[in-house]
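Written out below as structure tokens is the structure these notes cover.
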Amino acid sequence: MATMMDHERDGAQAPDEAMVRATGVRKSFGGTEVLKGIDLHVRPGEVSCLLGPSGSGKSTFLRCINHLETIDGGRLHVDGHLVGYRQRGDKLHELKASEVAARRREIGMVFQRFNLFPHLTALQNITHAPCLVRRVRKEQARAEAEVLLERVGLGGRGGAYPAQLSGGQQQRVAIARALAMKPRLMLFDEPTSALDPELVGEVLDVMKDLARDGMTMVVVTHEMGFAREVADSVWFMDDGIVVEHGEPAQVLGSPVHERTKAFLSKVL
Amino acid sequence: MTTTDSTQGDRALATRHDDIEVVPLRHWGRWAAAAVVALLAASLMASLARNPNLEWGTVGDYLFRDFVLRGVGVTIMLTVVAMLIGTVGGVVVAVMRLSANPVLRAVASLYVWFFRGTPLLVQIIFWGFLAALYQRIQLGIPFTDLHVIDVSTNAVVGPVVAAILALGLNEIAYAAEVVRGGILAVDRGQDDASLALGLTKSQAMRTITLPQAMRVIVPPMGNETITMLKSTALVAVIGGKDLLTAVQTVYSQNFKVMPLLVVAALWYLALVSVLSVGQYFLERRFGRGHGPGGSQPGLAQRWLAGRKGA
């Protein structure tokens, strides 16, 4: 994991060294405002869990971090860079598609429904992006993919197609696929919500392992146990804003806000 | 196919009751229908076989003549070239129609609207008589007299080239819709995953979306190919040198219209049958790993469906 940490930092750094810093982030779909001014920060090496009821904007915010959604207001910095824009004087200039793609390469993402490429084997799923966008040589990418598969407990299953794997196995391949790009930040969008209960553990174990290795992670989840055990900070969101945040023991154990209390009383 | 399956099912069921005899349901209606169909078919065959105007001997004489085989060759060539133009162009137009660029979208929509909105026969005649619109084809800087290329239209666009242009450009419009449907059938999550990995939109389209869309695109494109093979006969109106043109040229001199049309029909049937078998195997290949196994229609059904389309 050391290689992921000693990447050259290019360009200007935000003064606060945060990996993710959101200030007043807003986003609307049509006439509906789903993010109403999100303030949030994630320090390098930290695991942050976003909790809250469905429709509270957690997943939308996560998708804003790697610019799968564009924000309508506020500022969102990732690794010292403004997401999707470049500031010149008092104007924001939209980034070119190639620049957006280049930024995304530094951010891994894991989806609720895995989104593995069904026409490629597990190994090809992992080597595809490194070979295509990072121009890694095929043999090297394959060797690295074997190591990653080993790491997520799927050594030797590289030849299987996604349809031949269980949900838990697919999600672990998806994590390995994201790691193959050697990201500086990993986003998890409800990674265990589509899994049968008995398969949740194997995915969470891989994520815990990743957290121990110092990966910076933002995790949207309903797994309170995971948040309590692994997270450095939890952010409780409701109706497009962050209602309260802090250390997991504090937010989950003795929540201050009424909405947090109401939510936790239902899920715990 | 289904009839044999169900009767086999009945028998399997009957054997399980080993303590008592089970009488399967008799399908008397089917027997009656089969008898009527057999009678009608036999009388039609007999009337065709005995009809002296059909001259089956003449059909046999002409079936493998040089001019017929040359026509068959041109028909196959037209089909292949037009489908190549149509498929490649169709992918381009489909991607343009789904582009974020409004100019590309508008151009592609206009193209599909025009080429699907006018009859193929009209388009074929149009290209055949292109010289009536432009005597010379000139390529140069617009609104000046500087030309890089300057040739007579009739020298370049002969009947075969006109046929290729008409069939190919028309096919692009239809193929574009097929490809567009295939692309839209691919799960949006695939796009999210590709973009999140840092692929550009065009890389995602080429390496992730289109390969998956193939499964949806291939079967209708097989149908398009079969339709195209038969549509090539339309180019006879501009003397496109295809199979129908070849037999028309001969029967306009010797008046053996029916035998020569039967010769052409037999060749079309044979070619369509070959394509139908090919399509069956293509579908099997691209359907791999999707849906429950064994639900594919049988080869015989596929072949009959292809003929019905003919």
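Which lysines have a Cα less than 24 Å from the Cα of B:LYS230, not counting those fewer than 8 places away in the same chain? Here the lysines satisfying the reach criterion relative to B:LYS230 are B:LYS241, B:LYS256, B:LYS308.
Give A:LYS58/A:LYS138; A:LYS36/A:LYS182; A:LYS36/A:LYS208; A:LYS138/B:LYS201; A:LYS138/A:LYS208; A:LYS27/B:LYS201 a once-over and call out the pairs whose C-alpha atoms are over 25 Å from each other.
Working: A:LYS58/A:LYS138 37 Å; A:LYS36/A:LYS182 32 Å; A:LYS36/A:LYS208 31 Å; A:LYS138/B:LYS201 22 Å; A:LYS138/A:LYS208 30 Å; A:LYS27/B:LYS201 23 Å.
As for pairs spanning more than 25 Å Cα to Cα, those are A:LYS58/A:LYS138; A:LYS36/A:LYS182; A:LYS36/A:LYS208; A:LYS138/A:LYS208.
If you take the square roots of the eigenvalues of the alpha-carbon gyration tensor of the protein assembly as shown and sort them as a ≥ b ≥ c, do you get rounded (a/c under 1.5), prolate (a/b over b/c) or oblate? Oblate. Computed from label points 7 Å out along Cα-Cβ, the spacing between B:PHE126 and B:ALA38 is 5.3 nm.
Centroid-to-centroid, using Cα positions, segment B:108-160 and segment A:237-268 are 70 Å apart.
Legend: ranking of residues A:CYS131, A:CYS64, A:CYS49 from fewest to most surrounding C-beta atoms inside 10 Å; resulting order A:CYS131, A:CYS64, A:CYS49. Packing, as the average of other Cβ atoms within 10 Å across residues, places the peptides B:57-67, B:88-98 in the order B:88-98, B:57-67, highest first.
For chain B, what does the relative contact order come out to in percent, with C-alpha contacts under 8 Å and a separation of six or more?
Details: 306 pairs, mean separation 68.9, N = 310.
That works out to 22 percent.
Mind checking which helices in chain B clear 24 Å along their axis (Cα) and have mean Kyte-Doolittle hydropathy of 1.6 or more, DSSP H runs only? TM-like helix candidates: B:66-97.
Rounded to whole numbers, the Karplus 3J(HN,Hα) couplings from phi for segment A:68-85 are 6, 10, 8, 8, 9, x, x, 10, 10, 10, 10, 6, x, 9, 5, 6, x, 9 Hz, using 6.51 cos²θ - 1.76 cosθ + 1.60 with θ = phi - 60°, and x at Gly and Pro. Inter-label distance, B:ARG70 to B:VAL156: 2.7 nm, where each label sits 7 Å from its Cα along the C-beta direction.
Taking each residue of A:96-108 in turn, how many C-beta atoms of other protein chains fall within 10 Å of its C-beta, and what is the average? Please list the in-between numbers first.
Working: counts 0, 5, 2, 0, 4, 9, 2, 1, 7, 4, 1, 3, 3.
Mean shielding by partner chains, rounded to a whole number: 3.
The loop-placed chymotrypsin sites (Phe, Trp or Tyr not before Pro) in segment B:213-292, going by DSSP, that have at most 15 neighbouring Cβ atoms within 10 Å of their Cβ come out as B:PHE255.
Once the Cβ-Cβ distance of A:ARG137 and A:ALA249 is raised to the sixth power relative to R0 = 56 Å, the FRET efficiency obtained is 0.75. For the protein assembly as shown, the residue among A:ILE71, A:GLN170, B:TYR174 whose Cα projects farthest onto the positive side of the dipole built from Cβ charges is B:TYR174.
Within 10 Å of the Cβ of each residue in B:184-196, the mean number of Cβ atoms contributed by other protein chains is 6.
Selection among A:ILE107, B:THR200, A:ILE241 by position relative to the dipole of the protein assembly as shown gives B:THR200 as farthest towards the positive end (Cβ unit charges, Cα centre). Counted by neighbouring Cβ atoms within 10 Å, the residues B:SER109, A:SER54 run from fewest to most as A:SER54, B:SER109.
Enter the mean number of other protein chain beta carbons within 10 Å of the beta carbon of each residue in A:109-122, as an integer. If you can, show how the numbers build up before the last one.
Working: counts 5, 2, 4, 1, 4, 2, 9, 3, 9, 9, 9, 4, 0, 0.
Average neighbour count from other chains, rounded to a whole number: 4.
Each reported figure results from applying straightforward, stated rules to the coordinates on display, with no laboratory input. None of the values given here were measured: they were computed from a predicted structure. Backbone-built Cβ (ideal geometry, glycine too); neighbour counts: all protein chains shown.
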